[in-house]
Amino acid sequence: MSSVNTFENVKAVILSAHKSTTSRDKVGFYNSWAENYDQDVAVLDYKAPGLAANTISSHFSSDRAAAVVLDVACGTGLVAKQMQTHGFRQFVGIDGSEAMLRLARESGLYQDLRQSLLGEGLLPVQWDSFDVVVIVGALSVGNVPVKVLRDLCKAAKPGGHVCMTTRSNHDNLEYKAALEREMKQMEVDELWRCVEVTEVEEWERAVSAEEDGYITGVIYIYRKL
Ligand SMILES: C[S@@+](CC[C@H](N)C(=O)[O-])C[C@H]1O[C@@H](n2cnc3c(N)ncnc32)[C@H](O)[C@@H]1O
């Protein structure tokens, strides 16, 4: 068993990821990070999977055990792990990184896992088929492009929930503005309606030279029309 990384080491790992400017590069970075990912994000006090699961749970009133959840950019499976504590049992995961998917497979939480580079081609799922679509920690600059939002909505059943998160720190502000413009446009296009937007002060520990303490983040939950 490897020893736990220090905060300084984890910071260096995350900052090295900033060199990956395309989605393809970023997925390569996640392949190399997969083995240490769970331990390292715990050092960062990464709370997004638990916060997203709480938000979904607080708005979901149907039978959880029967609900089918699409976990997009599922990584090692932290979101499914948290949602399971709220009674959700059926998960399909998608990620671009084979190494992250291997760990998700080992978690035993997913009925199905599919490898796909999001932003290239369509999401490899049937439209109108998921009770919940969730994407955590992946809607940010250099990761999953904003245009994928329309596919997330298409994947949900009418009446289904779509839960998304993003960071509000300085290097992601332009991306976040584009994300929110698209969310609003999709509301104007009558594809979904906004259920709740929650700003979180202590999202995760800051790693850049310009910031210290914690960065802020946001959880969005929409309902497909
Ligand atoms: C920060 S991790 C989040 C994983 C998980 N949702 C969590 O909260 O722990 C980001 C994940 O997104 C995946 N990812 C990033 N950009 C991607 C893309 N364009 N296509 C597919 N997967 C992508 C990475 O492989 C990685 O597993």
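Values quoted throughout were computed directly from the atomic coordinates according to the rules given, and no laboratory measurement underlies them. Just so you know, these numbers come straight off a predicted model, no measurement behind them. Virtual Cβ from ideal backbone geometry, glycine too; neighbours counted across all protein chains shown.
Quick notes on this one:
- Extension gain, His170-Asn31: 0.36 nm per intervening residue step, less the Cα-Cα distance, totals 47.5 nm.
- When the Cα gyration tensor is reduced to axis lengths a ≥ b ≥ c, the ratio a/c is 1.5 or higher for the range 19-125, and with a/b above b/c it is classed as prolate.
- 0 to 90° range, to nearest 10: angle between helix 173-188 axis and the chain longest Cα axis: 0 degrees
- Diffusion of the range 106-225 by Stokes-Einstein, at 10 °C in a medium of 1.306 mPa s and with Rh set to the Kirkwood radius over alpha-carbon pairs, works out to 104 µm²/s.
- Over 28 Å (Cα to Cα) - which of Lys26/Lys147; Lys26/Lys224; Lys47/Lys176; Lys19/Lys47; Lys81/Lys184; Lys47/Lys224 fall in this group: Lys26/Lys224; Lys81/Lys184
- Label-point separation, Thr198 to Gln115 (7 Å along Cα→Cβ), nm: 3.5 nm
- Contact order, relative form, for the range 16-109: 33 percent (alpha carbon pairs under 8 Å, 6 or more residues apart, mean separation divided by residue count).
- When only Cα pairs below 8 angstrom with a gap of at least 6 residues are kept, the chain shows a relative contact order of 19 percent.
- Nearest-ten-degree value, helix 48-59 long axis tilted from longest Cα axis of the chain: 20 degrees
- With the helix formula -39500 (n - 2.57) applied to DSSP H stretches of n ≥ 4, the chain reaches a computed 222 nm mean residue ellipticity of -11500 deg cm²/dmol.
- Residues in the range 71-85 carry Karplus couplings, in order, of 9, 8, 6, 5, x, 7, x, 5, 6, 4, 4, 5, 5, 4, 5 Hz; the curve used is 6.51 cos²θ - 1.76 cosθ + 1.60 with θ = phi - 60°, and Gly or Pro positions show x.
- Base-10 log of normalised Debye intensity for the chain (one unit scatterer per alpha-carbon) at q = 0.17 Å⁻¹: -1.31
- Angle between the chain longest axis and helix 23-43 axis [Cα atoms, degrees, rounded to 10]: 80 degrees
- Loop-located GluC sites (Glu not before Pro) in the range 68-133 whose Cβ has at most 16 other Cβ within 10 Å (DSSP): Glu120
- Per residue, the Cα convex hull of the range 141-187 amounts to 72 Å³.
- Loop-located GluC sites (Glu not before Pro) in the range 163-205, at most 10 other Cβ atoms within 10 Å (DSSP): Glu190
- Residue order, fewest to most surrounding Cβ atoms within 10 angstrom, among Ser129, Ser16: Ser16, Ser129
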